[in-house]
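Structure first, commentary second.
The values are calculated or read from the model by the stated rules, or taken from the named source; none is laboratory data. These numbers come from a predicted model, not from an experiment. Ideal geometry is used to build each Cβ from the backbone, glycine not excepted, and the neighbour counts take in all protein chains shown.
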Amino acid sequence: MKPTPGDPQNDFLSPEGVTWGVVGKSVEENNTVEHLDQLFSAAKQTGFQIFVSPHYYYPTDHHWHFEGKLEALMHQIHMFDRKDALSFEGSGADWLEQYKPYIQDGKTVVTSPHKIYGPETNDLVLQLRKRKIDTVILGGMSANLCTESHMRELLEQGFEVVVVKDATAAAVTPELGDGYKAAVINFGFMANEVVTTATAVERMQKASVK
């Protein structure tokens, strides 16, 4: 089993992030930031490989001719914007500060960016296949968008997917409803298993590969 967090970035998980107004309540209710930290820490302590599937937009991505509703919104609010492909320190696309020791230790695999929601546009599946990995522990943001899209694609690609339901969160809006509740329902229908962070950490500790 290999932990795969999606979008552990400022714009989703920091109170200063551009989406905090719609995701903050869900992040706090699920204790998402701390639970992701616990998954990172447990993986490092037990020798499990971590894969991060990030979400970035470069200036050229703002010239797309069509987008879905939330894609358009992400571009309008400059979510995950980077000024170029080589630097993003301190931006909304940057890692949450407390995760940097885990991600920037030279051992964590950071894939190429996904551009909409799923890993079809990045090299996550390639990186997993090259290591002969067939089971993924999935967490990260956002529950009904990137997390659910990653779950669906990984399942279609033949992976066993365990979703950590309290290591994610989602937007809640009067117009669109509660994205977290919608995702948890779909997790239950499709994932091989849905667990809590405590359960995922316990299993990693028992199955330590060190």
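Report yes if residue 122 is surrounded by fewer than 15 Cβ atoms within 10 Å (Cβ to Cβ), over 23 Å from residue 17 (Cα atoms), in contact with a strand residue (DSSP E or B) (Cβ under 9 Å, 6 or more places away or on another chain) and in contact (Cβ under 8 Å) with a residue 12 or more places away in the chain, otherwise no. Before you say what the answer is, go through the steps one by one.
On the way: surrounded by fewer than 15 Cβ atoms within 10 Å (Cβ to Cβ): no; over 23 Å from residue 17 (Cα atoms): yes; in contact with a strand residue (DSSP E or B) (Cβ under 9 Å, 6 or more places away or on another chain): yes; in contact (Cβ under 8 Å) with a residue 12 or more places away in the chain: yes.
Answer is no for this residue.
Quick one: would you say residue 148 is surrounded by 22 or more Cβ atoms within 10 Å (Cβ to Cβ) and not in a strand (DSSP E or B)? Break it down stepwise before answering.
Working: surrounded by 22 or more Cβ atoms within 10 Å (Cβ to Cβ): yes; not in a strand (DSSP E or B): yes.
For residue 148, the condition - surrounded by 22 or more Cβ atoms within 10 Å (Cβ to Cβ) and not in a strand (DSSP E or B) - is met.
Out of 188, 158, 179, report the one residue that is free of Cβ contacts under 8 Å to residues at least 12 places away in the same chain and more than 14 Å from the chain's Cα centre (by Cα). Even if it seems obvious, please write down each step before you answer.
Values: 158 fails: free of Cβ contacts under 8 Å to residues at least 12 places away in the same chain; 179 fails: free of Cβ contacts under 8 Å to residues at least 12 places away in the same chain.
Criteria check complete, one pass: 188.
Give the stretch 168-189 a look and list any residue that's touching a strand residue (DSSP E or B) at 6+ places or on another chain (Cβ under 8 Å) and in a helix (DSSP H, G or I), or say none. Show your work before the answer.
If we filter the stretch 168-189 for residues that are touching a strand residue (DSSP E or B) at 6+ places or on another chain (Cβ under 8 Å), which is where we start, we get 168, 170, 172, 178-180, 184, 187-188.
179, 180, 184, 187, 188, listed by residue number.
So for the stretch 6-27 (the condition being under 23 Å from residue 208 (Cα atoms), at pLDDT below 90, of a type outside the set (Val, Ile, Thr) and within 12 Å of the chain's Cα centre (by Cα)), does at least one residue qualify? So that I can check it myself, show each step before the final result.
First pass over the stretch 6-27, keeping only residues under 23 Å from residue 208 (Cα atoms): 6.
Subset that is at pLDDT below 90: 6.
Filter once more, so that each one left must be of a type outside the set (Val, Ile, Thr): 6.
Within this subset, residues satisfying the condition of being within 12 Å of the chain's Cα centre (by Cα) are 6.
Yes, the stretch 6-27 has at least one match.
Anything in the stretch 152-192 that is farther than 23 Å from residue 70 by Cα, surrounded by fewer than 16 Cβ atoms within 10 Å (Cβ to Cβ) and either modelled with pLDDT under 95 or not polar (S, T, N, Q) (or both)? List them, or say none.
Of everything in the stretch 152-192, those that are farther than 23 Å from residue 70 by Cα, surrounded by fewer than 16 Cβ atoms within 10 Å (Cβ to Cβ) and either modelled with pLDDT under 95 or not polar (S, T, N, Q) (or both) turn out to be 155, 156, 158, 160, 188, 189, 190.
Being charged (D, E, K, R), farther than 21 Å from residue 186 by Cβ, surrounded by 14 or more Cβ atoms within 10 Å (Cβ to Cβ) and modelled with pLDDT of 95 or more is the requirement here; does residue 81 meet it? Spell out how you get there, then give the answer.
On the way: charged (D, E, K, R): yes; farther than 21 Å from residue 186 by Cβ: yes; surrounded by 14 or more Cβ atoms within 10 Å (Cβ to Cβ): yes; modelled with pLDDT of 95 or more: no.
Spelling it out, it is not the case that residue 81 is charged (D, E, K, R), farther than 21 Å from residue 186 by Cβ, surrounded by 14 or more Cβ atoms within 10 Å (Cβ to Cβ) and modelled with pLDDT of 95 or more.
Test residue 200 against the criterion of being among the small types (Gly, Ala, Ser), out of contact with any Ser or Thr (no Cβ under 7 Å at 6 or more places or on another chain) and surrounded by fewer than 18 Cβ atoms within 10 Å (Cβ to Cβ), and give yes or no. Spell out how you get there, then give the answer.
Numbers: among the small types (Gly, Ala, Ser): yes; out of contact with any Ser or Thr (no Cβ under 7 Å at 6 or more places or on another chain): yes; surrounded by fewer than 18 Cβ atoms within 10 Å (Cβ to Cβ): no.
Answer is no for this residue.
Does the stretch 94-145 hold any residues that are of a type in the set (Lys, Arg), part of a helix (DSSP H, G or I) and more than 16 Å from the chain's Cα centre (by Cα), and which are they? Can you show your working first?
In the first step, residues of the stretch 94-145 are kept if they are of a type in the set (Lys, Arg); the result is 100, 107, 115, 129-132.
So of that shortlist, the ones also part of a helix (DSSP H, G or I) come out as 100, 129-130.
Scanning the stretch 94-145 gives 129, 130.
A quick yes/no check of all residues on (1) surrounded by 18 or more Cβ atoms within 10 Å (Cβ to Cβ); (2) in contact with a Ser or Thr (Cβ under 6 Å, 6 or more places away or on another chain):
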residue: 15; (1), (2): no, no
residue: 20; (1), (2): no, no
residue: 25; (1), (2): no, no
residue: 28; (1), (2): no, no
residue: 31; (1), (2): no, no
residue: 41; (1), (2): no, no
residue: 48; (1), (2): yes, no
residue: 53; (1), (2): yes, yes
residue: 57; (1), (2): yes, no
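Give me a count of the residues in the stretch 99-139 that are touching a Ser or Thr at 6+ places or on another chain (Cβ under 6 Å) and more than 26 Å from residue 193 (Cβ to Cβ).
1
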